[in-house]
Amino acid sequence: MICAISGEVPEEPVVSKKTGHLFEKRLVERHVEDFGKCPVTGEPITMDDLMPVKTNKAVKPRPLQAASIPGLLGMFQIEWDQLMLSHFALEQQLHTARQELSHALYQHDAACRVIARLKKERDEARTFLTLAERHVPLPASTTANDSTFNNWKRAAEDVNMDHDGKRSLPGISADIIADLTDCNTLLSQQRKKRQIPSTLAPVDALERYTQLSSHPLHKTNRPGILSVDIHPSKDIIATGGVDTNAIVFDRTSGQILSTLSGHSKKVTSVKFVPKDDFFVTASADKTVRVWQGSEDGNYNCRHVLKDHTAEVQAVTVHATNNYFVSASLDSTWCFYDLASGSCLTQVGDTSDGDGYTSAAFHPDGLILGTGTSQANVRIWDVKSQSNVAKFEGHSGPVSAISFSENGYFLATAAADGVKLWDLRKLRNFRTFAPYDSNTSTNSVDFDHSGSYLAIAGSDIRVYQVANVKSEWNCVKTFPDLSGTGKATSVKFGPNAQYLTLGSMDRNLRIFGLPGDSAEE
């Protein structure tokens, strides 16, 4: 008996009462449900017209390849290969599951410790605020934790309002201005005597720089490095990422020293402070965090500063290492005391509706440069907090600014390229437009000696610094090896011995002479 549809011996044969044809039951039932007629003759039939046929169980013939010993061996080999592949896949899944479980347990343990600490600080803060409202002096037991006390102090200061309902700030005192002025005088005198160090990388060495290493520091599901900074006296590098974390990385060992978590949105700017091992981060979550290194190599959050009402785009540290400035899209910049985390003054200029997208202190410390979202560059006198100069000419937000070491030049980056400004005559004397109109320049950095200038966009270019009249020659161009076409942050190492780069992938890249190791 052969099925009229499949041409094979049916497992459950049925016969049509009307047409007399034999079919496989499952095949003809599906056909009748869909079309309501016999698949051979086309006559209308129903399920009731199908009558089962009782037969002895048929043994299917062996396939052709099973009729010989070589054929059987081939079948066994195929089944063995499939079994081994399945076993390998299961081993991989088991390994991945173990890794994920270990990571989840570690995160759970860390989260429990953080929650316990936060609950303790919350309860202590509530006790402090209750006492403050009653004008009762602080008991000695509540001052044990310096960092918590500083945060309480800021909370109490925030309650002080002026008659317009705005928070009253102490301002930059005469003692602080004297501190800034003394630092300016000392640095100016040192600069006149300073010579280019003999260890500075020469031009011919820069021309031979290539990528030495690439380190995946940030999360794969939210890639992107937005800011890079290098510690001035230690061989460590910091990055701020789209994944809301800041990473402190040891270049010598190639290992992550600490992962700084706490921000709820992307970290836009990171800065080391050599004094007391401080570290400052800014974020799109409208906050600035001040961290301090501990003996075990980790960084603990000392202050969370919430003085801005929009994304904080940049932080820059004063040369005294006692103060720093944050710049935000809310059209204000704040001047902070680093140790206490106190906002001394908040300077706003909403006349043009410009939010601040970048900021940097002049090497002498009495001048602050800020870039805005409306393509302007503003120069501020820090002592009086007054806008003393305004540079126009860019198109698009000013993404980065950098002062040269001699204090004469200012480099600014925006969508239309890089502009160089002469601070003595307050004019633009040179413009680099290395990319097309659809590619912006995202970062610019003078090395510490003021001999080289690096810019980053769709690639990375290093120029040799000259004077106002001479040509600034491009000595090296590095391709963007991330594949994203967007290099976001570039920074020279000490004496330009290496170059660090962050891009819109998760990797920190280090460029230098081939064969050079971190120890060298």
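The values are calculated or read from the model by the stated rules, or taken from the named source; none is laboratory data. Only a predicted model underlies this, so the values are computations on that prediction, with no experimental measurement involved. Every residue, glycine among them, receives a Cβ derived from its backbone with ideal geometry; neighbour counts consider all protein chains shown. What goes into the accessible areas is simple: the full protein's heavy atoms, side chains included, and nothing from ligands, DNA or RNA. Shrake-Rupley method; radii C 1.70, N 1.55, O 1.52, S 1.80 Å.
Here are a few things to note about the model shown:
- Rg and Dmax of region 229-282, Cα atoms only, in Å: 10.7, 30
- Estimated at the nearest 10 Å², the accessible area of GLU100 is 120 Å² with a 1.4 Å probe.
- Within the chain, no helix built from a complete DSSP H run reaches 20 Å or longer along its own axis (Cα positions) while carrying a mean Kyte-Doolittle hydropathy of 1.6 or higher.
- Between region 418-495 and region 80-119, the Cα center-to-center distance that results, in Å: 44 Å
- The chain, accessible surface, carbon-and-sulfur percent (1.4 angstrom probe): 51 percent
- Rolling a 1.4 Å probe over the protein heavy atoms gives the chain an accessible area of 52 Å² per residue.
- Overall form of region 157-291 per C-alpha gyration tensor (a/c, 1.5; a/b vs b/c): oblate
- Of interest is the spacing of the C-alpha centroids, which for region 386-400 and region 29-52 amounts to 82 Å.
- Region 399-441: C-alpha gyration tensor shape, a/c 1.5 cut-off, then a/b vs b/c: prolate
- Tail fraction, Cα-Cα pairs, region 303-426, threshold 24 Å, whole percent: 20 percent
- Using the Cβ-Cβ distance between ALA310 and LEU344 with R0 set to 22 Å, the FRET efficiency works out to roughly 0.60.
- Ranking SER358, SER340, SER168 from most to least accessible surface, computed with a 1.4 Å probe over the protein chains only, gives SER168, SER340, SER358.
- Across region 230-350, the convex hull enclosing all Cα atoms gives 91 Å³ per residue.
- TRP380 contributes about 10 Å² of solvent-accessible surface, heavy atoms of the protein only, 1.4 Å probe.
- Nearest-10 value in Å² for the accessible area of MET1, using the 1.4 Å probe: 120 Å²
- Computed with the Debye formula from one identical point scatterer per Cα of the chain, without solvent, the log10 of I(q)/I(0) at q = 0.11, 0.13 Å⁻¹ comes to -0.97, -1.33.
- Calculated diffusion of region 385-520, Stokes-Einstein form, Kirkwood radius summed over Cα pairs, 37 °C and 0.692 mPa s, µm²/s: 212 µm²/s
- Length released on extending from SER261 to THR220, taking residue separation times 0.36 nm less the Cα-Cα span: 13.2 nm
- Histogram of C-alpha separations across region 175-238, 5 Å bin width, %: 3, 10, 9, 13, 17, 16, 10, 10, 9, 3, 0
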